[in-house]
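A short worksheet on the structure shown next.
The values are calculated or read from the model by the stated rules, or taken from the named source; none is laboratory data. Everything numeric in this text was worked out from a predicted model, so none of it was measured. Calculation scope for accessible area: heavy atoms of the full protein, side chains included, ligands and nucleic acids excluded. Shrake-Rupley method; radii C 1.70, N 1.55, O 1.52, S 1.80 Å.
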Amino acid sequence: MKSYPILKTALSLALSTLLFSSCKTAGGPSNTIPIGEFASLTGGTATFGQSVHNGDVLAVDEINAAGGILGKQIDLITEDDQSKTEDAVASVQKLVNADHVIAVLGEVASSRSMAGAPICQAAHVPMITPASTNIDVTKKGDYIFRICYTDPFQGQTMAQFAYNTLGKRRAAILLDVKQDYSVGLDAAFKNTFTFLGGTIVSEQSYSTGDKDFRAALTSIKGANPDVIFVPGYYTEVSLIVRQARELGITVPILGGDGWDSPELTKGAEAQFNNTYFSNHFSTEDPDTTVQLFIKKYQDRYHTVPDAMAALGYDATRLLADAITRAGSTDSVKLRRAIASTKNFPGVTGNITIDAERNASKPITIIKIVNGAFHFAQRIGPNGEPMTPFQP
Ligand code: PHE
(Lines give C-alpha, C1' and ligand atoms only; values in the text may rest on other atoms or scores of the structure.)
Protein backbone atom coordinates (compact mmCIF):
# COMPACT_ATOMS: atom_id res chain seq x y z
CA MET A 1 0.00 0.00 0.00
CA LYS A 2 1.29 3.42 -0.91
CA SER A 3 -0.23 6.55 0.53
CA TYR A 4 -1.21 9.16 -2.01
CA PRO A 5 -0.53 11.95 -1.85
CA ILE A 6 2.01 10.85 0.72
CA LEU A 7 2.16 14.02 2.78
CA LYS A 8 -1.56 14.51 3.03
CA THR A 9 -2.32 10.95 4.05
CA ALA A 10 0.61 10.79 6.46
CA LEU A 11 -0.69 13.95 8.04
CA SER A 12 -4.24 12.72 8.22
CA LEU A 13 -3.02 9.43 9.71
CA ALA A 14 -1.08 11.32 12.39
CA LEU A 15 -4.01 13.62 13.02
CA SER A 16 -6.58 10.88 13.17
CA THR A 17 -4.43 8.90 15.57
CA LEU A 18 -4.06 11.99 17.76
CA LEU A 19 -7.59 13.24 17.62
CA PHE A 20 -9.90 10.38 16.85
CA SER A 21 -8.26 7.31 18.30
CA SER A 22 -10.87 7.05 21.02
CA CYS A 23 -13.65 8.62 19.01
CA LYS A 24 -16.26 6.13 17.77
CA THR A 25 -18.28 8.57 15.67
CA ALA A 26 -17.42 8.18 12.01
CA GLY A 27 -15.76 11.28 10.74
CA GLY A 28 -15.07 12.77 14.15
CA PRO A 29 -15.82 16.32 15.17
CA SER A 30 -14.25 17.93 12.13
CA ASN A 31 -15.37 20.48 9.61
CA THR A 32 -14.83 18.11 6.73
CA ILE A 33 -16.45 14.89 5.64
CA PRO A 34 -13.76 12.25 5.14
CA ILE A 35 -14.41 9.96 2.20
CA GLY A 36 -11.95 7.18 1.41
CA GLU A 37 -10.84 5.98 -2.00
CA PHE A 38 -8.67 2.97 -2.82
CA ALA A 39 -7.38 2.70 -6.34
CA SER A 40 -4.59 1.20 -8.46
CA LEU A 41 -2.65 4.38 -9.15
CA THR A 42 0.42 2.30 -10.01
CA GLY A 43 1.08 -1.30 -11.09
CA GLY A 44 -0.46 -3.59 -13.70
CA THR A 45 -3.78 -1.75 -14.07
CA ALA A 46 -2.54 1.77 -13.30
CA THR A 47 -4.74 3.52 -15.86
CA PHE A 48 -7.85 2.15 -14.06
CA GLY A 49 -6.84 3.79 -10.78
CA GLN A 50 -5.60 7.00 -12.33
CA SER A 51 -8.77 7.50 -14.35
CA VAL A 52 -11.17 6.70 -11.53
CA HIS A 53 -9.17 9.01 -9.24
CA ASN A 54 -9.40 11.83 -11.79
CA GLY A 55 -13.16 11.33 -12.00
CA ASP A 56 -13.51 11.26 -8.19
CA VAL A 57 -11.42 14.42 -7.77
CA LEU A 58 -13.32 16.29 -10.48
CA ALA A 59 -16.60 15.52 -8.71
CA VAL A 60 -15.28 16.37 -5.22
CA ASP A 61 -13.89 19.70 -6.40
CA GLU A 62 -17.17 20.60 -8.08
CA ILE A 63 -19.18 19.70 -4.98
CA ASN A 64 -16.81 21.57 -2.66
CA ALA A 65 -16.78 24.65 -4.92
CA ALA A 66 -20.59 24.65 -4.77
CA GLY A 67 -20.49 24.73 -0.94
CA GLY A 68 -19.87 21.07 -0.07
CA ILE A 69 -22.44 18.79 1.57
CA LEU A 70 -24.27 19.37 4.85
CA GLY A 71 -22.30 22.61 5.08
CA LYS A 72 -18.97 20.76 5.11
CA GLN A 73 -16.24 20.23 2.56
CA ILE A 74 -15.44 16.71 1.38
CA ASP A 75 -11.96 15.50 2.25
CA LEU A 76 -11.06 12.75 -0.23
CA ILE A 77 -8.43 10.45 1.27
CA THR A 78 -6.79 8.30 -1.39
CA GLU A 79 -4.77 5.10 -1.02
CA ASP A 80 -2.80 3.51 -3.85
CA ASP A 81 -3.06 -0.29 -3.70
CA GLN A 82 -0.51 -0.69 -6.51
CA SER A 83 -2.86 -3.09 -8.36
CA LYS A 84 -2.31 -5.72 -5.63
CA THR A 85 -5.00 -7.55 -3.68
CA GLU A 86 -3.03 -7.59 -0.39
CA ASP A 87 -2.47 -3.86 -0.64
CA ALA A 88 -6.15 -3.31 -1.27
CA VAL A 89 -6.84 -4.93 2.12
CA ALA A 90 -4.25 -2.75 3.87
CA SER A 91 -5.57 0.37 2.12
CA VAL A 92 -9.14 -0.19 3.23
CA GLN A 93 -8.05 -1.07 6.78
CA LYS A 94 -6.24 2.24 7.01
CA LEU A 95 -9.14 4.24 5.55
CA VAL A 96 -11.67 2.64 7.89
CA ASN A 97 -9.65 2.22 11.10
CA ALA A 98 -7.22 5.14 11.04
CA ASP A 99 -8.88 7.77 8.83
CA HIS A 100 -12.42 6.98 10.05
CA VAL A 101 -13.91 7.65 6.64
CA ILE A 102 -17.68 7.69 6.44
CA ALA A 103 -17.76 5.86 3.10
CA VAL A 104 -15.34 4.17 0.70
CA LEU A 105 -15.14 4.55 -3.07
CA GLY A 106 -13.49 1.73 -4.99
CA GLU A 107 -12.03 -0.38 -6.41
CA VAL A 108 -12.18 -0.87 -10.17
CA ALA A 109 -10.94 -4.48 -10.33
CA SER A 110 -13.43 -6.97 -8.90
CA SER A 111 -10.84 -9.04 -6.98
CA ARG A 112 -9.66 -5.95 -5.13
CA SER A 113 -13.20 -4.74 -4.39
CA MET A 114 -13.95 -8.19 -2.98
CA ALA A 115 -10.84 -7.97 -0.80
CA GLY A 116 -11.83 -4.57 0.61
CA ALA A 117 -15.56 -5.19 0.98
CA PRO A 118 -15.52 -7.42 4.10
CA ILE A 119 -13.62 -4.72 6.02
CA CYS A 120 -16.23 -2.09 5.12
CA GLN A 121 -19.06 -4.49 5.85
CA ALA A 122 -17.68 -5.42 9.29
CA ALA A 123 -17.25 -1.74 10.20
CA HIS A 124 -20.61 -0.77 8.67
CA VAL A 125 -18.94 1.76 6.41
CA PRO A 126 -20.82 1.96 3.10
CA MET A 127 -18.64 1.07 0.11
CA ILE A 128 -19.52 1.94 -3.47
CA THR A 129 -17.53 0.37 -6.27
CA PRO A 130 -17.75 2.45 -9.42
CA ALA A 131 -16.70 -0.30 -11.79
CA SER A 132 -16.42 -3.83 -10.34
CA THR A 133 -18.76 -6.02 -12.35
CA ASN A 134 -18.25 -9.49 -10.81
CA ILE A 135 -21.59 -10.72 -9.47
CA ASP A 136 -20.18 -11.66 -6.04
CA VAL A 137 -18.90 -8.18 -5.11
CA THR A 138 -22.17 -6.87 -3.70
CA LYS A 139 -22.93 -10.22 -2.06
CA LYS A 140 -20.29 -9.33 0.55
CA GLY A 141 -22.98 -7.58 2.58
CA ASP A 142 -25.67 -4.94 2.84
CA TYR A 143 -23.15 -2.06 3.03
CA ILE A 144 -21.61 -2.93 -0.36
CA PHE A 145 -22.95 -1.27 -3.52
CA ARG A 146 -22.03 -0.86 -7.18
CA ILE A 147 -23.15 1.73 -9.72
CA CYS A 148 -22.26 -0.33 -12.82
CA TYR A 149 -23.88 -3.35 -14.47
CA THR A 150 -22.73 -6.92 -13.66
CA ASP A 151 -20.75 -9.57 -15.56
CA PRO A 152 -23.66 -11.97 -16.13
CA PHE A 153 -25.22 -9.13 -18.14
CA GLN A 154 -21.96 -8.15 -19.82
CA GLY A 155 -21.01 -11.73 -20.77
CA GLN A 156 -24.49 -12.43 -22.04
CA THR A 157 -24.45 -9.28 -24.16
CA MET A 158 -21.15 -10.17 -25.81
CA ALA A 159 -22.27 -13.76 -26.47
CA GLN A 160 -25.47 -12.49 -28.11
CA PHE A 161 -23.42 -9.99 -30.09
CA ALA A 162 -21.08 -12.76 -31.31
CA TYR A 163 -23.90 -15.16 -32.18
CA ASN A 164 -26.71 -12.89 -33.41
CA THR A 165 -25.01 -9.76 -34.69
CA LEU A 166 -21.73 -11.16 -36.05
CA GLY A 167 -23.29 -14.56 -36.89
CA LYS A 168 -20.50 -16.59 -35.25
CA ARG A 169 -20.92 -20.21 -34.16
CA ARG A 170 -17.49 -21.44 -32.99
CA ALA A 171 -16.03 -19.43 -30.12
CA ALA A 172 -12.69 -19.82 -28.37
CA ILE A 173 -12.03 -18.21 -24.97
CA LEU A 174 -8.76 -17.08 -23.38
CA LEU A 175 -9.28 -16.07 -19.74
CA ASP A 176 -7.21 -14.80 -16.82
CA VAL A 177 -7.67 -17.35 -14.03
CA LYS A 178 -6.18 -14.95 -11.46
CA GLN A 179 -9.01 -12.41 -11.82
CA ASP A 180 -12.52 -12.99 -10.47
CA TYR A 181 -13.65 -10.57 -13.16
CA SER A 182 -12.30 -12.72 -15.99
CA VAL A 183 -13.57 -16.00 -14.52
CA GLY A 184 -17.09 -14.59 -14.09
CA LEU A 185 -17.21 -13.10 -17.55
CA ASP A 186 -15.98 -16.35 -19.10
CA ALA A 187 -18.81 -18.29 -17.40
CA ALA A 188 -21.48 -15.83 -18.51
CA PHE A 189 -20.29 -15.77 -22.12
CA LYS A 190 -20.07 -19.58 -22.28
CA ASN A 191 -23.57 -20.05 -20.85
CA THR A 192 -25.25 -17.74 -23.29
CA PHE A 193 -23.23 -18.71 -26.37
CA THR A 194 -23.94 -22.42 -25.90
CA PHE A 195 -27.56 -21.75 -24.92
CA LEU A 196 -28.00 -19.94 -28.24
CA GLY A 197 -26.64 -22.99 -30.09
CA GLY A 198 -22.97 -22.06 -30.48
CA THR A 199 -19.98 -24.22 -29.57
CA ILE A 200 -16.97 -23.38 -27.40
CA VAL A 201 -14.22 -24.99 -29.48
CA SER A 202 -11.34 -24.14 -27.12
CA GLU A 203 -10.94 -22.62 -23.66
CA GLN A 204 -7.44 -21.57 -22.62
CA SER A 205 -6.15 -19.62 -19.66
CA TYR A 206 -3.33 -17.37 -18.44
CA SER A 207 -2.39 -15.55 -15.23
CA THR A 208 -2.13 -11.80 -14.60
CA GLY A 209 1.40 -10.68 -15.41
CA ASP A 210 2.04 -13.29 -18.14
CA LYS A 211 3.68 -11.94 -21.28
CA ASP A 212 3.85 -14.83 -23.72
CA PHE A 213 0.49 -16.21 -24.86
CA ARG A 214 1.69 -18.02 -27.98
CA ALA A 215 1.15 -21.58 -26.72
CA ALA A 216 -2.48 -20.90 -25.76
CA LEU A 217 -3.10 -18.97 -28.98
CA THR A 218 -1.57 -21.71 -31.11
CA SER A 219 -3.88 -24.25 -29.59
CA ILE A 220 -6.85 -21.89 -30.10
CA LYS A 221 -5.85 -21.46 -33.75
CA GLY A 222 -5.78 -25.24 -34.16
CA ALA A 223 -9.41 -25.45 -32.98
CA ASN A 224 -10.46 -23.19 -35.88
CA PRO A 225 -12.77 -20.73 -34.07
CA ASP A 226 -14.69 -18.06 -35.95
CA VAL A 227 -14.55 -15.66 -32.97
CA ILE A 228 -12.37 -15.35 -29.85
CA PHE A 229 -13.48 -13.93 -26.47
CA VAL A 230 -10.71 -12.51 -24.26
CA PRO A 231 -12.25 -11.30 -20.97
CA GLY A 232 -9.08 -9.78 -19.47
CA TYR A 233 -7.47 -6.49 -18.47
CA TYR A 234 -5.77 -4.22 -20.98
CA THR A 235 -2.13 -4.94 -20.05
CA GLU A 236 -2.36 -8.61 -21.04
CA VAL A 237 -5.03 -8.13 -23.75
CA SER A 238 -2.76 -5.68 -25.54
CA LEU A 239 -0.11 -8.43 -25.90
CA ILE A 240 -2.64 -11.19 -26.60
CA VAL A 241 -4.17 -9.42 -29.61
CA ARG A 242 -0.73 -8.54 -31.00
CA GLN A 243 0.49 -12.12 -30.65
CA ALA A 244 -2.75 -13.55 -32.08
CA ARG A 245 -2.42 -11.47 -35.23
CA GLU A 246 1.29 -12.38 -35.52
CA LEU A 247 0.26 -16.03 -35.47
CA GLY A 248 -2.09 -15.39 -38.38
CA ILE A 249 -5.35 -15.36 -36.40
CA THR A 250 -7.63 -12.97 -38.28
CA VAL A 251 -11.07 -13.69 -36.76
CA PRO A 252 -12.84 -11.04 -34.64
CA ILE A 253 -11.60 -10.81 -31.05
CA LEU A 254 -14.09 -9.66 -28.40
CA GLY A 255 -13.69 -8.51 -24.81
CA GLY A 256 -15.30 -6.71 -21.89
CA ASP A 257 -14.84 -3.43 -20.04
CA GLY A 258 -11.39 -4.48 -18.80
CA TRP A 259 -10.10 -3.53 -22.25
CA ASP A 260 -10.85 0.14 -21.69
CA SER A 261 -7.53 1.94 -21.42
CA PRO A 262 -5.62 4.48 -23.48
CA GLU A 263 -2.78 1.92 -23.30
CA LEU A 264 -4.70 -0.95 -24.96
CA THR A 265 -3.89 -0.35 -28.63
CA LYS A 266 -0.66 1.66 -28.31
CA GLY A 267 1.77 0.45 -30.97
CA ALA A 268 -0.74 -2.20 -32.12
CA GLU A 269 -3.36 -0.05 -33.82
CA ALA A 270 -3.59 -2.22 -36.95
CA GLN A 271 -3.70 -5.51 -35.01
CA PHE A 272 -6.72 -4.25 -33.09
CA ASN A 273 -8.84 -3.90 -36.20
CA ASN A 274 -11.73 -6.38 -36.13
CA THR A 275 -12.06 -6.25 -32.34
CA TYR A 276 -15.01 -5.21 -30.16
CA PHE A 277 -15.55 -4.78 -26.43
CA SER A 278 -18.41 -3.88 -24.11
CA ASN A 279 -18.15 -0.71 -22.08
CA HIS A 280 -20.03 1.70 -19.80
CA PHE A 281 -19.70 4.82 -21.88
CA SER A 282 -18.68 6.15 -25.28
CA THR A 283 -17.14 9.53 -25.95
CA GLU A 284 -19.14 9.57 -29.20
CA ASP A 285 -22.43 9.61 -27.27
CA PRO A 286 -24.17 12.88 -28.29
CA ASP A 287 -26.05 13.05 -24.95
CA THR A 288 -25.51 16.50 -23.38
CA THR A 289 -24.62 15.11 -19.92
CA VAL A 290 -21.89 13.01 -21.53
CA GLN A 291 -20.53 15.81 -23.70
CA LEU A 292 -20.51 18.30 -20.80
CA PHE A 293 -18.55 15.83 -18.69
CA ILE A 294 -16.03 15.25 -21.50
CA LYS A 295 -15.49 18.98 -21.83
CA LYS A 296 -14.97 19.53 -18.09
CA TYR A 297 -12.62 16.55 -17.90
CA GLN A 298 -10.60 17.68 -20.89
CA ASP A 299 -10.34 21.24 -19.61
CA ARG A 300 -8.88 19.93 -16.40
CA TYR A 301 -6.79 16.92 -17.42
CA HIS A 302 -6.08 17.64 -21.10
CA THR A 303 -7.05 14.13 -22.09
CA VAL A 304 -10.24 12.34 -23.10
CA PRO A 305 -11.97 10.49 -20.22
CA ASP A 306 -12.37 6.72 -20.38
CA ALA A 307 -15.18 4.73 -18.73
CA MET A 308 -13.49 4.54 -15.33
CA ALA A 309 -13.21 8.31 -15.18
CA ALA A 310 -16.93 8.63 -15.92
CA LEU A 311 -17.83 5.90 -13.39
CA GLY A 312 -15.66 7.51 -10.69
CA TYR A 313 -17.35 10.83 -11.30
CA ASP A 314 -20.79 9.20 -11.10
CA ALA A 315 -20.00 7.17 -7.96
CA THR A 316 -18.73 10.24 -6.10
CA ARG A 317 -21.68 12.41 -7.06
CA LEU A 318 -24.16 9.65 -6.23
CA LEU A 319 -22.55 9.25 -2.79
CA ALA A 320 -22.73 13.01 -2.17
CA ASP A 321 -26.37 12.97 -3.22
CA ALA A 322 -27.07 10.13 -0.76
CA ILE A 323 -25.32 11.97 2.09
CA THR A 324 -27.48 15.01 1.35
CA ARG A 325 -30.66 12.93 1.30
CA ALA A 326 -29.62 11.16 4.52
CA GLY A 327 -29.06 14.59 6.05
CA SER A 328 -26.30 12.94 8.03
CA THR A 329 -23.13 10.88 7.75
CA ASP A 330 -24.52 8.33 10.21
CA SER A 331 -23.72 4.95 8.71
CA VAL A 332 -27.19 3.40 9.04
CA LYS A 333 -28.90 6.44 7.53
CA LEU A 334 -26.31 6.74 4.78
CA ARG A 335 -26.60 3.06 3.89
CA ARG A 336 -30.35 3.44 3.60
CA ALA A 337 -30.05 6.55 1.42
CA ILE A 338 -27.62 4.86 -1.01
CA ALA A 339 -29.88 1.79 -1.16
CA SER A 340 -32.88 3.93 -2.08
CA THR A 341 -31.16 5.80 -4.95
CA LYS A 342 -33.54 6.08 -7.90
CA ASN A 343 -32.87 7.48 -11.38
CA PHE A 344 -29.73 9.32 -10.43
CA PRO A 345 -28.66 11.10 -13.64
CA GLY A 346 -25.13 9.79 -14.24
CA VAL A 347 -22.77 10.32 -17.16
CA THR A 348 -22.87 6.53 -17.59
CA GLY A 349 -26.68 6.49 -17.63
CA ASN A 350 -29.47 6.74 -15.10
CA ILE A 351 -28.64 4.83 -11.96
CA THR A 352 -31.21 3.03 -9.80
CA ILE A 353 -29.88 0.82 -7.01
CA ASP A 354 -31.81 -2.47 -6.88
CA ALA A 355 -32.53 -4.82 -3.97
CA GLU A 356 -29.21 -6.63 -4.55
CA ARG A 357 -27.38 -3.25 -4.38
CA ASN A 358 -26.52 -3.41 -8.09
CA ALA A 359 -27.36 -0.99 -10.87
CA SER A 360 -29.18 -2.08 -13.97
CA LYS A 361 -27.98 0.02 -16.88
CA PRO A 362 -27.53 -0.01 -20.63
CA ILE A 363 -24.27 -1.37 -22.09
CA THR A 364 -22.30 0.08 -24.99
CA ILE A 365 -20.45 -2.00 -27.56
CA ILE A 366 -17.26 -0.37 -28.87
CA LYS A 367 -15.64 -1.19 -32.20
CA ILE A 368 -11.91 -0.48 -32.48
CA VAL A 369 -10.74 1.00 -35.78
CA ASN A 370 -7.06 1.87 -36.23
CA GLY A 371 -6.68 2.20 -32.47
CA ALA A 372 -9.70 4.47 -31.98
CA PHE A 373 -12.78 3.46 -29.95
CA HIS A 374 -15.99 3.94 -31.92
CA PHE A 375 -19.56 3.59 -30.72
CA ALA A 376 -21.08 0.48 -32.35
CA GLN A 377 -24.32 -0.18 -30.45
CA ARG A 378 -26.18 0.40 -27.20
CA ILE A 379 -28.12 -2.46 -25.60
CA GLY A 380 -30.71 -1.92 -22.87
CA PRO A 381 -30.68 -3.60 -19.44
CA ASN A 382 -33.00 -6.37 -20.67
CA GLY A 383 -30.90 -7.16 -23.72
CA GLU A 384 -32.98 -5.03 -26.08
CA PRO A 385 -31.05 -3.12 -28.80
CA MET A 386 -31.47 0.63 -28.18
CA THR A 387 -29.64 1.68 -31.34
CA PRO A 388 -28.97 -0.17 -34.60
CA PHE A 389 -25.55 -1.84 -34.89
CA GLN A 390 -23.09 0.36 -36.76
CA PRO A 391 -20.68 -2.01 -38.47
N1 PHE B 1 -15.32 -4.44 -14.60
C2 PHE B 1 -13.94 -4.65 -14.28
C3 PHE B 1 -13.81 -5.53 -13.06
O4 PHE B 1 -14.71 -5.84 -12.43
C5 PHE B 1 -13.20 -3.37 -14.06
C6 PHE B 1 -13.33 -2.32 -15.12
C7 PHE B 1 -14.41 -1.49 -15.17
C8 PHE B 1 -12.38 -2.17 -16.05
C9 PHE B 1 -14.55 -0.52 -16.13
C10 PHE B 1 -12.49 -1.22 -17.02
C11 PHE B 1 -13.60 -0.40 -17.09
O12 PHE B 1 -12.83 -5.97 -12.62
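Under a cut-off of 29 Å between alpha-carbon atoms, report the lysines in cross-link reach of Lys296, not counting same-chain residues fewer than 8 places apart.
Straight-line reach from Lys296, under 29 Å: Lys2, Lys8, Lys72, Lys266, Lys342, Lys361, Lys367.
Could you tell me what percent of the accessible area of the chain is made up of carbon and sulfur, with a 1.4 Å probe and every protein chain present? Don't jump to the answer; show the numbers that get you there.
Values: 8120 of 14940 Å².
Heavy-atom surface of the chain belonging to carbon and sulfur, 1.4 Å probe: 54 percent.
Calculate how large, on average over all directions, the projected area of the Cα convex hull of the range 109-212 is; give the answer in nm² to one decimal.
Working: hull surface 29.2 nm².
Convex hull of Cα atoms, orientation-averaged projection: 7.3 nm².
Just to make sure I understand: if all protein chains stay in place, what is the order of Thr387, Thr235 by accessible area at 1.4 Å, largest first? Show your work: numbers first, answer last.
Working: Thr387 35, Thr235 55 Å².
Of Thr387, Thr235, the descending order of accessible area is Thr235, Thr387.
Sorted by accessible area (1.4 Å probe), largest first, how do Lys94, Lys84, Lys139, Lys190 line up?
Values: Lys94 20, Lys84 85, Lys139 140, Lys190 60 Å².
Order by accessible area, largest first: Lys139, Lys84, Lys190, Lys94.
Per DSSP helix of 4 or more residues, -39500 (n - 2.57); summed, then divided by the residues of the chain. What does that give at 222 nm, rounded to the nearest 500? Let's see the in-between values first.
On the way: 11 runs with 150 residues, N = 391.
My calculation for the chain gives -12500 deg cm²/dmol from helical runs alone.
Can you give me the long-range amide H partners of Leu175? Hydrogens built in the peptide plane at 1.01 Å from N, cutoff under 5 Å, separation of 5 or more residues or another chain.
It is Gln204, Ser205, Tyr206, by chain and number.
Given the protein chains as shown and a 1.4 Å probe, how many square angstrom of Tyr163 are accessible, to the nearest 10?
Its heavy atoms expose roughly 40 Å² to the probe.
Spelling out what I want: for every residue of the range 362-378, take phi, set θ = phi - 60°, compute 6.51 cos²θ - 1.76 cosθ + 1.60 (Karplus), and round to whole Hz; glycine and proline get x.
Values, residue by residue: x, 10, 10, 9, 9, 10, 9, 10, 6, x, 9, 8, 10, 5, 10, 6, 10 Hz.
Of the beta bridges DSSP finds with both residues in the chain, what % are antiparallel, to the nearest 5? The partial results should precede the final answer.
Details: 21 of 52 bridges.
The antiparallel fraction comes to roughly 40 percent.
Under a 5 Å amide H to amide H cut-off, with H placed in plane at 1.01 Å, what residues pair with Thr129 once short-range neighbours are removed?
For Thr129, the qualifying residues are Gly106, Phe145, Arg146, Ile147.
From the backbone phi of the range 214-223, what are the Karplus-calculated ³J(HN,Hα) couplings (6.51 cos²θ - 1.76 cosθ + 1.60, θ = phi - 60°) in whole Hz, Gly and Pro given as x?
So the J values, rounded to whole Hz, are 5, 5, 5, 5, 5, 5, 5, 4, x, 7.
From the phi of every residue in the range 351-356, what ³J(HN,Hα) in whole Hz does the Karplus formula 6.51 cos²θ - 1.76 cosθ + 1.60 yield, where θ is phi - 60° and glycine or proline is x?
Each residue of the range 351-356 in turn: 10, 10, 7, 8, 5, 8 Hz.
Given a 1.4 Å probe and the protein chains all in place, what does the accessible area of Arg169 round to, in Å² to the nearest 10?
Looks like 100 Å² after rounding.
In Å², what does the accessible area per residue of the chain work out to with a 1.4 Å probe?
Heavy-atom accessible area per residue stands at 38 Å².
Sorted by accessible area with a 1.4 angstrom probe, largest first, how do Arg336, Arg357 fall?
Working: Arg336 145, Arg357 45 Å².
Final ranking, largest accessible area leading: Arg336, Arg357.
For Lys190, which lysines qualify as cross-link partners when the Cα separation must be under 20 Å and same-chain residues fewer than eight apart are set aside?
Lys168, Lys178, Lys221
So how exposed is Leu247, as accessible area in Å² (1.4 Å probe, rounded to 10)?
About 50 Å², ignoring ligands and nucleic acids.
On the first, second and third principal axes, largest extent first, how far apart are the outermost C-alpha atoms of the chain in Å?
So the three principal-axis extents are 65, 38, 38 Å.
Taking amide H positions as placed in the peptide plane 1.01 Å from N, state which residues far from Gly232 in sequence (5 or more) or on other chains have amide H under 5 Å from it.
Gly256
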